[in-house]
Amino acid sequence: MNELLEKGKLRLKWAESHMPVLKEIRERFRKERPFEGLSIGMALHTEAKTGVLALTLADAGADIRLASCNPLSTDDSVALALKDAGLKVYAKKGETDDEYYKNLNAVLDGKPDFIIDDGADLIAMVHTSRKEVLANVKGANEETTTGVVRLRSMAADRMLRFPVIAVNDAKMKFLFDNRYGTGQSTFDGWMNATNLIVAGKKVIVAGYGWCGRGIAARAKGLGASVIVTEVDPIRAIEAKFDGFEVMRMEDAAKIADIILTATGCKHIVSEEHIKVMKDHCIMGNVGHFDNEIDKNALNKGSVTKVREFVDEYKMNDGRSLYLVADGRLMNLAAGQGHPAEIMDMSFAIQALGMEYLVKNHSKLGNEVHTVPEELDSIVAGIKLKTMNVSIDSLTDEQQKYIRGWEEGT
């Protein structure tokens with residue numbers, strides 16, 4: 001136990017030392033205590049970078065309860081270290097579905113004033129199975145694309161009962177976290193799970209949103225021949241102009257060595273695609289939920305665990321197909337998630353977004369709100385400073401020029 005605790009403390013210390021933006025915000029929070037007396041319920045991947053965010057909010061005066069937003073994404077050493085630091089943590093790696101929801105319920109048992117969610121499970125529970133908590137919740141932040149989509153659907157149906165800040169839609173989040181973070185951490189998970197090369201293989205990337213862009217770019221950089229599948233014609237053209245082949249999944253599945261999904265939608269790899277895959281195709285998912293690859297179709301064959309994070313599905317026709325991390329987020333289930341420098345920016349937006357929500361929740365409607373642009377600018381400014389980068393600024397004459405319209409000279 002002591003060895004696991006020490007490992008967790010070291011991971012927290014390492015992450016914190018590479019998160020200078022959040023460190024600067026944390027120092028101000030310690031002095032100002034903007035969350036004094038408030039309870040914040042969190043459902044985030046319980047690993048080192050999340051731990052630094054949780055400790056930052058605690059230093060700002062908040063009572064923190066933290067659960068994981070995915071049954072496989074907890075770092076047990078970090079969870080133990082956070083408990084040792086005095087936080088209430090309800091998470092372990094390899095939770096059953098019952099344990100997963102029990103832990104989310106434990107967070108809600110604290111009757112949080114505010115919520116930080118990843119995938120919107122916690123928020124959805126407050127509106128369904130835990131409605132008695134609803135009167136206490138004043139607002140929430142949502143971290144991911146999948147969660148924002150769910151919450152906008154709730155708002156459109158007039159079911160959302162408090163304001164939510166779409167942290168995912170902040171530029172300092174999605175332009176870096178979704179693209180560069182997902183791109184790198186996907187292959188961190190891949191290498192750890194499979195110990196196989198990417199170069200020379202045909203890699204299918206399903207979805208060309210910001211996450212898909214990052215995965216495709218990193219796969220190309222590793223020497224793969226990359227094929228993109230899409231339903232959005234504009235994104236399909238973007239992928240083509242970025243130098244990738246674009247195909248329908250039914251055609252791409254026939255030639256794939258590796259298939260990676262990142263769409264936020266279900267059954268992107270369906271039974272019909274599984275039927276035509278070639279022997280030894282390896283599948284992995286980087287979308288929030290484990291339904292992008294149809295596991296029911298795979299389970300029609302016999303399954304054997306062949307590595308810690310890889311299952312082999314022996315199909316009735318003799319083909320062997322492989323699934324990484326049970327179809328869950330392979331970058332967290334089989335890896336350590338996004339790099340600390342990336343999550344530094346995302347969690348800085350989370351911290352400032354929560355401060356904005358605490359101050360302004362009573363003036364916000366029960367809908368999904370964008371992060372104020374000034375918060376993006378603050379985080380970008382601090383990040384540039386920590387990178388020792390200086391940029392130009394417009395002169396008074398230039399500012400006057402771009403605001404004018406009468407003359408073009």
### Message
Looking only at residues that are more than 14 Å from the chain's Cα centre (by Cα) and buried (at least 21 other Cβ atoms within 10 Å of the Cβ) in the range 327-355, which one is nearest to Ser68 (Cα to Cα)?
### Response
Ala334
### Task
Would you mind listing the strands (runs of 3 or more DSSP E) fully within the range 109-210 where at least 3 residues are over 30 Å from Tyr322 (Cα atoms)?
114-117, 139-142, 164-166
#### Entry: Residue among Ala48, Ala60 that alone is closer than 23 Å to Val324 by Cα and either surrounded by 24 or more Cβ atoms within 10 Å (Cβ to Cβ) or in contact with a Pro (Cβ under 6 Å, 6 or more places away or on another chain) (or both)
Ala48
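Readers should treat all values here as calculations from the given coordinates under stated rules, not as data from a laboratory. None of the values given here were measured: they were computed from a predicted structure. Note: ideal-geometry Cβ built from the backbone for every residue, glycine included; neighbour counts use all protein chains shown.
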